[in-house]
Amino acid sequence: MPDFSQDADYMQNLERSLRTATQGKTVHRRHFLQLLSALGVGAGSLTFSSSANAQQNELVVANWGGDALPAHRDILAAEYVKRYPGSRVAFDTTGPTPGKIKAMVESGSIAWDVADRNLLSALELGRQGLLEKVDESVVDLNAVPSQFRTEWGVGSYFFSFVITYDSAQFGAAPPRTWKDFWDIQNFKGKRALRNNVEGVLESALLADGVERDKLYPLDVDRGLEKVRAIKKDTIFYSNTSEAQQLLRSGEVSVGSLWNTRAQGVKEDTKGRVDYHFNEGILLIAAWNVLKGTKNAKDAWRWVALSQDPALQVALLTRLGWGPINPAANKLVPAELQEQNPGSPENLARQVAVDAEWYARNYFEVQNRYLDVLAS
């Protein structure tokens, strides 16, 4: 699909279209997203279609932007429009947070069909009646191990929070554990942690000496106290693109990043910023289909497409997402196993997040975490 976003005349025409369409008129949500996308405003969508002139069904996919957008667009969306002629895929990159999903579903104003979230979200939001149950007539449940699926979501890939560091500041002795990460005296510099509690408490408790097999149920008080200990030396980021820039610029010396974004900044800096999977916090991504969407069937087709072993390996190659379909394992090139969070070696070094624990406790614990950051 041609990229017209840098064409001045095209952009001016779109801007005029947006102004005309919104002056006291009701605008179809998908058309609105497309216009915002091209203008680079707010919703941050991009549209991918198989035919610019045909009458098309549009699927709106919500993801987290950054490196995820071109990966989803070039691999999944490109294949989707081939398999389903006349289809159209639009992306909203503003981030599918639980609050946004809840607000959309409860108001009946559903702007997204399927959201790139995780197994925790599938449990938490599904039990609240905010997600569609998996359509087993479309999605092959056997393509994903039973521990990586729920009634409302099927695992799509592995990803991890990993210790990501500036080798220019640490040389041959970088932080190797979360205990090192929390050690401001011996590993100097600013830290970067996400302002979402998931993965942070595990890191903090490991830093405080809790054994990996004894993390759950999480000792929330102990973990939050450990966060307080490095709060003044930490930048709490809201999105991983921000964290990547903090490391690129040298403003922070070490951060907790998704391995996908760590790999991206490693490539951008020619290896100056590096990472490893030791004590990584492993998560299971899962597509969530919003309750009440008119395009549920298309959304489940998207989910089924994402189970394709070859496409999962392509996403690993492109971005570092670990294939979750066991059939993909034999397709992973040996040279990619080092950056594969789901490889046997890397799985053995990591801690898997307990989605069930978070499904029961996330809301309360997240609020307590934000209180710590604000205090």
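The values are calculated or read from the model by the stated rules, or taken from the named source; none is laboratory data. Since the model is a prediction, treat every value here as computed from it, not as a measurement. Reconstructed Cβ throughout: ideal geometry from the backbone, glycine too, with neighbour counts over all protein chains shown. Accessible surface is based on the protein model in full, side chains and every heavy atom, while ligands, DNA and RNA are left aside. Shrake-Rupley method; radii C 1.70, N 1.55, O 1.52, S 1.80 Å.
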Original post:
For region 75-92, in order, what is each residue's ³J(HN,Hα) by Karplus, 6.51 cos²θ - 1.76 cosθ + 1.60 with θ = phi - 60°, in whole Hz (x at glycine and Pro)?
Top reply: 9, 6, 5, 4, 6, 4, 6, 6, 6, 10, x, x, 7, 8, 10, 10, 10, 10
Subject >> Inter-label distance for Asp183 and Asn329, nm, one decimal - labels placed 7 Å from Cα along Cα-to-Cβ >> reply: 3.5 nm
Original post:
Can you give the Kirkwood hydrodynamic radius of region 276-331 from its Cα pairs, in Å with one decimal?
Top reply: 13.0 Å
Original post:
Which is the longest part of the chain that has none of the trypsin sites (Lys or Arg not before Pro) sitting in a DSSP loop with at most 10 other Cβ atoms within 10 Å?
Top reply: 26-269
Original post:
Label Arg83 and Glu345 with points 7 Å out from Cα along Cα→Cβ: what is the distance between them in nm?
Top reply: 3.2 nm
Original post:
Under a no-solvent Debye model with one identical scatterer per Cα of region 93-221, what's log10 I(q)/I(0) at q = 0.15, 0.18, 0.21 Å⁻¹?
Top reply: -0.91, -1.08, -1.23
**OP:** Just the number, please: carbon plus sulfur as a percent of the accessible area of region 332-375, 1.4 Å probe, no ligands or DNA/RNA counted.
**Re:** 52 percent
Original post:
Please report, for the Cα atoms of the chain, the Rg to one decimal and the Dmax as a whole number; what are they, in angstrom?
Top reply: 20.9, 62
Original post:
Tell me, which longest segment in the chain has none of the GluC sites (Glu not before Pro) that fall in DSSP loops with at most 15 further Cβ atoms within 10 Å?
Top reply: 1-135
**OP:** Taking every pair of Cα atoms in region 242-375, average 1/r, invert it to obtain the Kirkwood radius, and report Rg/Rh to two decimals.
**Re:** 1.01
Original post:
Where only protein heavy atoms count, and the probe is 1.4 Å, what is the accessible area per residue for region 160-317 in Å²?
Top reply: 37 Å²
**OP:** Can you tell me how much longer the chain between Leu373 and Thr97 gets when fully stretched, taken as 0.36 nm per residue apart minus their C-alpha distance, in nm with one decimal?
**Re:** 97.5 nm
Subject >> Per residue convex hull volume, Cα atoms of region 222-309, in Å³ >> reply: 172 Å³
Original post:
If you take every DSSP beta bridge whose two residues both sit in the chain, what share of them, in percent to the nearest 5, is antiparallel?
Top reply: 65 percent
Original post:
Rounded, prolate or oblate: which fits region 65-127, taking a ≥ b ≥ c as square roots of the Cα gyration tensor eigenvalues, rounded meaning a/c under 1.5, else prolate when a/b beats b/c?
Top reply: prolate
Original post:
Taking the alpha-carbon centroid of each part, what is the distance from region 235-280 to region 88-118 in angstrom?
Top reply: 27 Å
Subject >> Overall dimensions of region 171-297 by Cα: Rg and Dmax, Å >> reply: 16.2, 55
Original post:
Restricting attention to the alpha-carbon atoms of region 223-273, what are Rg (one decimal) and Dmax (integer), both in Å?
Top reply: 11.8, 36
